[in-house]
1. Restricting attention to region 13-28, which residues are surrounded by 14 or more Cβ atoms within 10 Å (Cβ to Cβ) and part of a loop (DSSP other than H, G, I, E, B)?
2. Given Phe62, Phe44, Phe68, which one is touching a strand residue (DSSP E or B) at 6+ places or on another chain (Cβ under 6 Å) and either assigned to a loop (DSSP other than H, G, I, E, B) or outside the structural domain of Gly113 (by TED's automatic domain parsing) (or both)?
3. Going through Ala213, Ala286 one at a time, which residue ends up being in contact (Cβ under 8 Å) with a residue 24 or more places away in the chain, farther than 23 Å from Gly127 by Cα and either surrounded by fewer than 21 Cβ atoms within 10 Å (Cβ to Cβ) or in contact with a Pro (Cβ under 8 Å, 6 or more places away or on another chain) (or both)?
4. Mind checking whether some residue in region 245-256 is among the acidic types (Asp, Glu), surrounded by fewer than 17 Cβ atoms within 10 Å (Cβ to Cβ) and in the same structural domain as Arg41 (by TED's automatic domain parsing)?
5. Test Leu108 against the criterion of being part of a helix (DSSP H, G or I), over 18 Å from the mean Cα position of the chain (by Cα) and crowded, with 21+ Cβ neighbours inside 10 Å, and give yes or no.
6. Quick one: is Val235 β-branched (Val, Ile, Thr) and within 22 Å of Gly154 (Cβ to Cβ)?
7. Ala174 - would you say it is on the phi < 0 side of the Ramachandran plot and surrounded by 15 or more Cβ atoms within 10 Å (Cβ to Cβ)?
Amino acid sequence: MIRLSDHLPEVEDIVERALDEDLAGGDVTTDTIMPANMRGRASFIARAKGTVAGMEVAALVFKSIDPFLNFVTLINDGSEVKPGDVMATVEGNLPGILKGERTALNFLQHMSGIATLTAAYVRAVSGLPARILDTRKTLPGLRILEKYAVSAGGGTNHRMNLSDMVLIKDNHIAILRRQGLGIGDIVRKARDKTPRHIKIEIETTKAEDARDAALAGADVVMLDNMGTDEMRRAVELIGHKATVEASGGVKLDNVRAIAETGVDWVSVGALTHSAGALDISLELTA
């Protein structure tokens, strides 16, 4: 799992920008009608079943507003919640709590929604060796948080950015085919110019191309938008010479059938680009 503490400056910057977006002109409602020194406590309460992610980020929101606010996590990231569960409390200056409420909920609901959807995909392939991976289809500026949420839901992170591995996709291939290169030639070209510690992956749409990519030395072969019969044939032709990733058109109702073809990874863009928010509320309790 990604540790947000290893990326603290980046996470702090994300939180700061979110608070600037909400509080750039102050909170005229709270500042007008709330006594400045009133104290109290509020609880984060789950309103739906799901998987938690984002507690550290919610805590950082309140710490950024008022370092004397006391945020207590009661249910850790990666844990399951049901309606009515108290996930965390925050205690101290009530105007500060009110000013951070929406921003903290935005992070917690969004990240928990991603973790919840990821956990559903992981359960769908339970008992099979295939792992569920995310993609780079993340909201700009929030990738570290969204990929962390995927890992909290039991998923595995694919590339964090374009420097992590060589991934030769359809447009790269189309350009190089104009120069007369086949799939094997493209992989060998990449390997000749790539340091050995960087893995090479290539996208394929036919079983024979998948075989050629593996024989040429690809570390990972992506089976893009293949039917399950073609995937199964590609896995057999590759024969453990490379890691095999299935991608494209993956949904909850077909992910198990895809995993049963023998692929090692199933990448799912929907984990980050289509996850709904988990319903969570913040209620004053004292």
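The values are calculated or read from the model by the stated rules, or taken from the named source; none is laboratory data. None of these values were measured; they are calculated from a predicted model. Glycine gets a Cβ as well: all are built from the backbone with ideal geometry, and neighbour counts include every protein chain shown.
1. Residue satisfying the conditions is Asp27 alone.
2. Working: Phe62 fails: either assigned to a loop (DSSP other than H, G, I, E, B) or outside the structural domain of Gly113 (by TED's automatic domain parsing) (or both); Phe44 fails: either assigned to a loop (DSSP other than H, G, I, E, B) or outside the structural domain of Gly113 (by TED's automatic domain parsing) (or both).
Exactly one of Phe62, Phe44, Phe68 is touching a strand residue (DSSP E or B) at 6+ places or on another chain (Cβ under 6 Å) and either assigned to a loop (DSSP other than H, G, I, E, B) or outside the structural domain of Gly113 (by TED's automatic domain parsing) (or both), namely Phe68.
3. Ala286
4. no
5. The answer is no for Leu108.
6. On the way: β-branched (Val, Ile, Thr): yes; within 22 Å of Gly154 (Cβ to Cβ): no.
The answer is no for Val235.
7. Numbers: on the phi < 0 side of the Ramachandran plot: yes; surrounded by 15 or more Cβ atoms within 10 Å (Cβ to Cβ): no.
So Ala174 fails the test.
Residue-by-condition table, conditions (1) farther than 22 Å from Leu278 by Cα; (2) free of Cβ contacts under 8 Å to residues at least 40 places away in the same chain; (3) among the charged types (D, E, K, R):
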{"site": "Asp22", "(1), (2), (3)": "no, no, yes"}
{"site": "Asn37", "(1), (2), (3)": "yes, no, no"}
{"site": "Ser43", "(1), (2), (3)": "no, no, no"}
{"site": "Arg47", "(1), (2), (3)": "no, no, yes"}
{"site": "Pro95", "(1), (2), (3)": "yes, no, no"}
